[in-house]
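Derivation of every value follows stated rules applied to the coordinates shown; laboratory data play no part. Because the structure is a prediction, the values reported are computed rather than measured. No Cβ is skipped: glycine too gets one built from the backbone with ideal geometry, and neighbour counts run over all protein chains shown.
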Amino acid sequence: MTNGNAASPPAPRWAPAPPPQWGPDSTGPGVPAERPRRVSPKLVVGVAGPVVVLVVLVAVLGLVWPGFLNRKVFDTAALQQGVLTVLRKDYQLDANNVACPTGQAVTVDNRFSCSAEVAGVPKTIRVTVKSSDGRFEVGRPQ
């Protein structure tokens, strides 16, 4: 016999469904969607302003001050050939193997040294830039 007051077995409870693995996120009904954040105009001006000023400054300096953006340098092979020609034709020396440093600026009064063999003996030759178009003076070998 069973007692009428006996407890019945508990009803099964189901766990809530997991969130979807794909597709758009759902906030569910009744939850307002977030508005996209707007960028403050002051922030845009504060960041973009200095960048624009810097670009304009570089452009103006590039146009006004020659060599600011593109420094003019000697072609090393042509420079060495020019020094060799002066040593042989103007100084009438038995010169060979001229070597000049690379990246020499074509700037008036720039001075640098090249090396060469004169009559088989290593010598130093002073070179002085005379004009911005690349003319230079070759000193006597030392």
Rounded to 0.05, the calculated FRET efficiency for the beta carbons of ARG38 and ALA59 at R₀ = 30 Å is 0.40
At a Cα cut-off below 27 Å, give the lysines reachable from LYS72, other chains included and same-chain residues fewer than 8 away excluded.
LYS130
Cα-centre dipole for the range 100-142 with unit charges at Cβ (Lys and Arg positive, Asp and Glu negative), debye to 20
120
How much length would be gained if the chain were fully extended between ASN97 and LYS72, taking 0.36 nm per residue of separation minus their Cα-Cα distance, in nm to one decimal?
6.5 nm
Amide H to amide H, which residues 5 or more places from LEU93 or on other chains are under 5 Å from it, using H placed in the peptide plane?
ARG88
